[in-house]
Amino acid sequence: MALTEVDHVAIAVNDLDGAIEWYAETLGAQLAHREVIERDGVEEALLKVAESYIQLLTPTRDDSTVAKFLANKGEGIHHVGYRVADCATALNQAVEAGAKAIDAQPRPGSRGTTVAFLHPKTAFGTLIELVQE
Ligand code: CO
């Protein structure tokens, strides 16, 4: 398996517009993409940083995992997305090596990507997303 890039660092926020504005004014990071992902109950804003993104995430409904994260832990880093050439291969190899998968199969992510999540329990407390563009 080869991770080809840090695809994104995802940060859970309460106020998406406010966070986008803060990143633009404070760090000069520009909005590259914005999307509501209905099945996950989130809206994301991607800010491009070199070949990677900062992904600002806010819940669109109370039962979304990001809503629960914000309620339990408050704003902050939610997960790290690593870019891979082939999500299914990377997922299988991680599971064979002992990682616990949240997604049994790769599934559609935002901006046309294919993604799968690995559980933080077997990854030193970090939720990991494998991202195939
Ligand atoms: Co992500």
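The values are calculated or read from the model by the stated rules, or taken from the named source; none is laboratory data. It should be emphasised that the depicted structure is a prediction, and the values quoted were computed from it without experimental measurement. Here the Cβ positions follow ideal geometry from the backbone for every residue, glycine too, while neighbour counts run over all protein chains shown.
At-a-glance table
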| quantity | calculated |
| --- | --- |
| Tally of residues being surrounded by 19 or more Cβ atoms within 10 Å (Cβ to Cβ) and at pLDDT below 95 across region 70-110 | 2 |
| Lone qualifier among Gly125, Gly98, Gly76 - being touching a Ser or Thr at 6+ places or on another chain (Cβ under 9 Å) and not aliphatic (A, V, I, L, M) | Gly98 |
| Which listed residue, of Glu133, Glu21, is within 14 Å of the ligand (Cβ to nearest atom) and surrounded by 12 or more Cβ atoms within 10 Å (Cβ to Cβ) | Glu133 |
| Any hit, region 34-48, residues being assigned to a strand (DSSP E or B), closer than 22 Å to Ala104 by Cα, within 11 Å of the ligand (Cβ to nearest atom) and without any contact (Cβ under 8 Å) to a residue 60 or more places away in the chain | yes |
| Unique match (being assigned to a loop (DSSP other than H, G, I, E, B) and aliphatic (A, V, I, L, M)) among Ala29, Ala24 | Ala29 |
| Cβ pairs under 7 Å, 6+ apart, first in region 98-109 and closer than 15 Å to Leu127 by Cα, second in a strand (DSSP E or B) | Ala99/Leu118; Lys100/Leu118; Ala101/Ala116; Ala101/Leu118; Ile102/Phe117; Ile102/Leu118; Asp103/Ala116; Asp103/Phe117 |
| Qualifying positions in region 8-18 - more than 15 Å from the ligand (Cβ to nearest atom) and assigned to a loop (DSSP other than H, G, I, E, B) | Asn14, Asp15 |
